[in-house]
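Attaching a single structure in structure tokens format; questions to follow.
Read-outs throughout are calculated quantities, based only on the coordinates presented, and are distinct from any laboratory measurement. All figures in this text were calculated on a predicted structure; none of them were measured in a lab.
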Amino acid sequence: MKLDLIAFGAHPDDTELGCSGTLASLAQAGKKIGVIDLTRGEMGSRGTMEKREQEAAKSSALIGLKVRKNLGLPDTEIQNHRAFQIPIIREIRRYRPRIVILPPFEDRHPDHGMAARLVSDAVFYSGLLKIQTQSEDGMDQQPYRPLHVLTYMLDTPFEPDIVFDISDTMEVKKQAVRAFDSQFDVADPGDEPVTYISDPAFFETLIARARRYGYRCGFEFGEPFRYSGRPIPVQSFDLLADS
Ligand SMILES: [Zn+2]
């Protein structure tokens, strides 16, 4: 199966926080969307790997993902080297997405920036003929490089190049984030520690941010992105002229 777009996360729940409104909107429009999480989030202070796997499955169904995978790289030990690039290259060549979305290159959690550099380099190397990979059934894969690379926002704010209108899918985004009920909007922390992200105030800031970036572009809610890499190729200014 070919996908139109793959969003990558360092941890299961990164893409929910950063771009699930956009993914849900594109899925509703009939695009084939996948999410690939690099690690299982096993070093997170709350929840277990099994619990987060269930949470990711629930969220994926809400968003309407065609594919959700976990590459099982070691949490807090993501590094940008060939051994970790290869499994990513294999997925890019398998699904051949036109668009790839990454975590931000600079963020509070070091894994996010490391994941961005790792996937960004894998996207480039995926286009090189002499880096050879095989599919699961042992067939040689063809080189392929996605056309567009964007980054979503997590904790650290940036001035976006693009704000996607998620007014119609803000509710889906809230449900997708809340699907990770071991991590977010935790009113009663139980026996586990309260974390920066488990406080219900963190969940409120997510909504406030969507309102803030949406408002700047005339939407009720929006998700901010940076466009990364080469200039955006256009053959018409219809998009700009009509808005
Ligand atoms: Zn994360």
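Calculate the length of the line joining the C-alpha centroid of segment 187-243 to that of segment 53-109, in whole Å.
Using only Cα atoms to place each centre, the spacing works out to 19 Å.
Sticking with this one: If I model segment 175-241 as equal point scatterers sitting on the Cα atoms and use the Debye formula, what is log10 I(q)/I(0) at q = 0.18, 0.23 Å⁻¹?
So the normalised log intensities are -0.81, -1.01.
For segment 5-241, calculate the relative contact order in percent as a whole number, restricting contacts to Cα pairs under 8 Å that are 6 or more residues apart.
Here the relative contact order equals 23 percent.
Can you work out ³J(HN,Hα) from phi for every residue in segment 2-7, in order, using Karplus 6.51 cos²θ - 1.76 cosθ + 1.60 and θ = phi - 60°, giving whole Hz and x for Gly and Pro?
Per-residue couplings from phi come out as 8, 10, 7, 8, 10, 9 Hz.
With N denoting the number of residues in segment 164-210, provide Rg(C-alpha) divided by 2.2 N^0.38 Å, to two decimal places.
Ratio of Cα Rg to 2.2 N^0.38 Å: 1.22.
If you project the alpha carbons of the chain onto the principal axes, what extent comes out on each, in Å, largest first?
53, 48, 30
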